[in-house]
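Report on one structure; see the data block that follows.
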Amino acid sequence: MDVKTLILGAGAAGMMTAAHAGPGVLVVDHAKAPGEKIRISGGGRCNFTNMYCEPQNYLGENKHFHKSALSRYTQWDFIELVGQHGIAWHEKTLGQLFCDDKATQIVSMLLAEMDKAGADLWLQTSVLEVAHRDGHFVTRMSREGREVTVTSDALVLATGGKSIPKMGATGLAYDIARQFGHEVTETRPGLVPFTFDKGRFSALSGTAVNTRISNDKAGFEEAMLFTHRGLSGPAILQISSYWREGEEVVIDLLPQTNLAEILRTKRRTEGKRALTTELGHHLPSRVVEHLSETFDFKGNLGDLSDSRIDDLCTFLGAWALKPTGTEGYRTAEVTLGGISTEGLSAKTMESKHIPGLHVVGEAADVTGWLGGYNFQWAWSSGWAAGQAI
Ligand code: FDA
């Protein structure tokens with residue numbers, strides 16, 4: 001069978017490419033349904049973009065590669081598309097836009113756009129082999145127990161990264177890219193919870209604190225959640241993408257509170273109040289109890305010397321922790337690294353040495369922050385490839 005364009009992967013980027021690549025497009029996926037990650041994203045409401053999307057919200061070896069696609073198909077273009085399909089949305093926080101109703105509306109919207117463009121979709125289809133002969137791609141696949149060979153002028157790698165293998169994530173795009181002489185940068189889990197020695201925070205499990213978490217590469221002020229296995233929540237997921245095994249992260253447990261000033265005032269006005277009682281007004285008492293294993297909170301506010309206040313504020317403002325690891329691809333929202341962007345055109349997402357081969361979405365070495373940035377990359381890169389095909 002001959003098609004103009006074969007797209008491997010019916011996820012966010014693959015469907016977006018199909019919607020813009022014109023007629024003669026076949027999209028294949030080994031899953032039972034398209035856009036499964038969209039369906040489960042954002043707690044079932046899909047954080048489909050971010051109003052404040054900027055190039056600095058992305059990681060990758062080439063700091064400039066993603067700029068072109070993101071500036072040509074912006075968050076506002078996607079918001080307009082969502083509006084055209086009558087999908088109601090709201091901003092949750094920090095510019096993060098979610099569906100009012102459910103994430104499957106985004107999947108239905110993309111399927112409708114694909115339909116409009118005349119694209120076909122084959123599900124439960126696995127790729128056996130890809131070859132490149134006489135300027136054409138020859139892809140051998142298995143569908144409904146039968147082998148099918150599809151010849152195409154263009155081949156789009158849109159099978160995403162390795163995150164959540166249980167949902168069908170594979171390294172197929174990386175394997176095919178390597179086969180065609182492309183480099184794949186080191187891949188590792190991103191936007192992922194930290195693990196600590198067993199039981200370290202289990203007494204605090206379920207407690208959330210607003211924090212500023214940082215290392216020498218980045219800093220984020222968002223909620224942090226104690227879990228049975230370690231630390232999670234948006235602040236942790238964000239910094240995890242900038243963290244390497246063996247490194248420390250520094251946590252300011254009271255980023256919005258001038259604790260030193262409060263304690264200096266209250267040691268005069270409420271000197272008989274216990275320090276732990278005062279701290280309990282600013283932090284969950286279970287957290288104060290946990291920290292008292294490391295820092296001596298005994299005594300009343302009236303007993304505090306200036307230097308003890310300084311030590312206490314330094315301790316709570318720069319709580320240094322060294323995670324033992326992360327929860328890995330099992331729960332990571334994204335894969336850091338991927339097909340090196342050095343071998344791709346930033347304008348068309350096309351291979352620089354294999355005409356017709358394109359890489360879109362998470363398979364490429366472009367990773368966004370938490371907050372709708374990864375879907376925006378899928379939309380922008382898919383659009384850029386679709387325009388060029
Ligand atoms: P995606 O993973 O979406 O699609 C790849 C497709 O390829 C899948 O359909 C898969 O079945 C198929 N495939 C893989 N291997 C194959 C093979 N060997 N053969 C055939 N088909 C194959 N981002 C965001 O911006 N906002 C959010 O709210 C969230 N929330 C979120 C929650 C959770 C739990 C996860 C895991 C991730 C998110 N993300 C997110 C990240 C976002 O889901 C991700 O970045 C995009 O889905 C990437 O889009 P792609 O199309 O590149 O890959």
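Residue pairs whose Cβ atoms lie under 8 Å apart, sitting 6 or more positions apart in sequence or on different chains, and linking a residue in region 25-51 that is under 19 Å from V127 (Cβ atoms) to a partner that is at pLDDT 95 or above and among the acidic types (D, E), are V25/D120; L26/D120; V27/D120.
Residues in region 23-49 that are more than 8 Å from the ligand (Cβ to nearest atom) and crowded, with 24+ Cβ neighbours inside 10 Å: V25, V27.
For region 328-348, the candidate set comprises residues that are crowded, with 24+ Cβ neighbours inside 10 Å and within 24 Å of M51 (Cα to Cα); within that set, the residue that is nearest to the ligand (Cβ to nearest atom) is V334. Considering only region 327-357, how many residues are farther than 17 Å from P189 by Cβ, in contact with a Ser or Thr (Cβ under 7 Å, 6 or more places away or on another chain) and in contact (Cβ under 8 Å) with a residue 60 or more places away in the chain? Adding up the residues that qualify gives 7. Could you please let me know if R273 is free of Cβ contacts under 8 Å to residues at least 12 places away in the same chain and surrounded by 14 or more Cβ atoms within 10 Å (Cβ to Cβ)? No, not satisfied.
Checking each residue in region 114-130 for being open to solvent by less than 30 Å² (accessible area, probe 1.4 Å) and within 12 Å of G14 (Cα to Cα) picks out M114, A119. Taken over region 238-254, the criterion of being touching a helix residue (DSSP H, G or I) at 6+ places or on another chain (Cβ under 8 Å) and open to solvent by 10 Å² or more (accessible area, probe 1.4 Å) is satisfied by D252, L254. Hey, any hits in region 287-305 for a residue that's under 16 Å from V209 (Cα atoms), at pLDDT 95 or above and touching a strand residue (DSSP E or B) at 6+ places or on another chain (Cβ under 7 Å)? Among the residues of region 287-305, at least one is under 16 Å from V209 (Cα atoms), at pLDDT 95 or above and touching a strand residue (DSSP E or B) at 6+ places or on another chain (Cβ under 7 Å), which makes the answer yes. Mind telling me which of the residues G246, G302 ends up being touching a residue at least 24 places away in the same chain (Cβ under 8 Å) and farther than 17 Å from A320 by Cα? Matching residue, one of G246, G302: G302. For the residues H90, H66, H20, the requirement of being more than 9 Å from the ligand (Cβ to nearest atom), crowded, with 16+ Cβ neighbours inside 10 Å and under 20 Å from the mean Cα position of the chain (by Cα) singles out H66. Considering only residues in region 379-389 that are touching a helix residue (DSSP H, G or I) at 6+ places or on another chain (Cβ under 9 Å) and open to solvent by 10 Å² or more (accessible area, probe 1.4 Å), the one that is nearest to T5 (Cα to Cα) turns out to be I389. Given the residues S305, S292, which is the only one that is farther than 23 Å from V250 by Cβ and surrounded by fewer than 15 Cβ atoms within 10 Å (Cβ to Cβ)? The match here is S305. Is at least one residue of region 65-84 at pLDDT 95 or above, under 21 Å from T159 (Cα atoms) and of a type in the set (S, T, N, Q)? No; the residues of region 65-84 include none that is at pLDDT 95 or above, under 21 Å from T159 (Cα atoms) and of a type in the set (S, T, N, Q). For region 173-218, the set of residues classified as assigned to a loop (DSSP other than H, G, I, E, B), of a type outside the set (A, V, I, L, M, F, W, C) and surrounded by 17 or more Cβ atoms within 10 Å (Cβ to Cβ) consists of H182, T185, T187, P193, R200, T207, listed by residue number.
The values are calculated or read from the model by the stated rules, or taken from the named source; none is laboratory data. Note that the structure is a prediction, hence the values are computed from the model and not measured. Neighbour counts run over all protein chains shown; Cβ positions are idealised from the backbone, glycine included. For accessibility, only protein heavy atoms count, side chains too; no ligands or nucleic acids. Shrake-Rupley method; radii C 1.70, N 1.55, O 1.52, S 1.80 Å.
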